[in-house]
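Remarks on the structure that follows.
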Amino acid sequence: MTAAAVRPHRLFFALWPGEATRRALYRETRAVVRHCGGRPVATDQLHLTLLFLGQVPGEAVGAVTTAAVALDCPGFTLVFDRYGWFESAQVLWLGCSAPPAPLPTLAAGLARQVRAVTGLVPDPKPFQPHVTLARKVRNPPQFPPPRPVAWPVDGFALVESVTAPEGARYTVLETFPIQSPV
Ligand code: ATP
Ligand code: MG
């Protein structure tokens, strides 16, 4: 086995937008992001975290993948229509005022599968679905809501986070299809 295969990976499961959704997320939020005074997330890094795993030993990555493959989930569409702000993290985010039930079901199912298949215990923080738009935002957003962005979800991704001096960079390692939205 190579050193790359056994080194630990900082991993999370996420919804990773397709090109059209990514462009729409950028287009509808860029003015607010410009005015929020924070550090914008690069457009090619926008995502919604489903489950944060943290450091996963290299030899356990295969089992994490197996856990995700076994998941059965209907497709769904998310509508992003509100801004929010995490005060402690100083994060400006985009969210859904009415997230559909399959979204938390998918996140909970992943947590259950990962625990069952790998024995890893993911962070039990409550699931707060959001797309981080900017960091180091010192004040709550006082902007009108964005024009709604529809995100049809037909899969999710296993993503690696690599910490760099200028901030984390995310790379999709693998994608997992789910049934197309109806
Ligand atoms: P940094 O930690 O360097 O500021 P980051 O938070 O963007 O960068 P990671 O910490 O690797 O990068 O996180 C990857 C993704 O998982 C991000 O979307 C982050 O918000 C989310 N995340 C990180 N920690 C947790 C956690 N404990 N619970 C839920 N989601 C988390
Ligand atoms: Mg972090």
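All of the numbers you see were taken from the coordinates with simple rules; none came from a lab. Because the structure is predicted, anything quoted here is derived from the model rather than measured. Methodologically, a virtual Cβ is constructed for each residue, glycine included, from the backbone with ideal geometry; neighbour enumeration extends over all protein chains shown.
Could you tell me whether any residue of the range 121-142 is aromatic (Phe, Trp, Tyr) and out of contact with any helix residue (DSSP H, G or I) (no Cβ under 9 Å at 6 or more places or on another chain)?
No, the range 121-142 contains no residue that is aromatic (Phe, Trp, Tyr) and out of contact with any helix residue (DSSP H, G or I) (no Cβ under 9 Å at 6 or more places or on another chain).
Can you tell me how many residues within the range 126-182 are loosely packed, with under 14 Cβ neighbours inside 10 Å and within 12 Å of ligand 1 (Cβ to nearest atom)?
Qualifying residue count, the range 126-182: 12.
Would you check which residues across the range 42-59 are buried (at least 20 other Cβ atoms within 10 Å of the Cβ) and over 13 Å from Phe12 (Cα atoms) and list them?
Leu46
Which of the following residues is within 21 Å of Trp93 (Cα to Cα) and in a loop (DSSP other than H, G, I, E, B): Arg169, Arg147?
Arg147 is the lone residue from the list that is within 21 Å of Trp93 (Cα to Cα) and in a loop (DSSP other than H, G, I, E, B).
List pairs: first in the range 160-182 and within 15 Å of Leu11 (Cα to Cα), second of a type in the set (Ser, Thr, Tyr) and assigned to a loop (DSSP other than H, G, I, E, B), Cβ under 6 Å, 6+ apart or cross-chain?
none
So, of the residues in the range 65-112 that are part of a helix (DSSP H, G or I) and free of Cβ contacts under 8 Å to residues at least 24 places away in the same chain, which turns out to be farthest from Ala134 (Cα to Cα)?
The residue in question is Arg112.
Within the range 140-164, track down each residue that is among the aromatic types (Phe, Trp, Tyr) and under 18 Å from the mean Cα position of the chain (by Cα).
Selection gives Trp151, Phe156.
Is it the case, given these coordinates, that Gly62 is over 28 Å from Arg135 (Cβ atoms) and in contact with an Asp or Glu (Cβ under 9 Å, 6 or more places away or on another chain)?
No; evaluated as a whole, the condition is false for this residue.
Could you please find all residues in the range 30-63 being outside any helix (DSSP H, G or I), farther than 29 Å from Pro140 by Cβ and without any contact (Cβ under 8 Å) to a residue 60 or more places away in the chain?
Gln55, Pro57 - these are the residues of the range 30-63 that are outside any helix (DSSP H, G or I), farther than 29 Å from Pro140 by Cβ and without any contact (Cβ under 8 Å) to a residue 60 or more places away in the chain.
Taking the options Val121, Val91, Val137, name whichever one is of a type in the set (A, V, I, L, M, F, W, C) and within 16 Å of the chain's Cα centre (by Cα).
Val91
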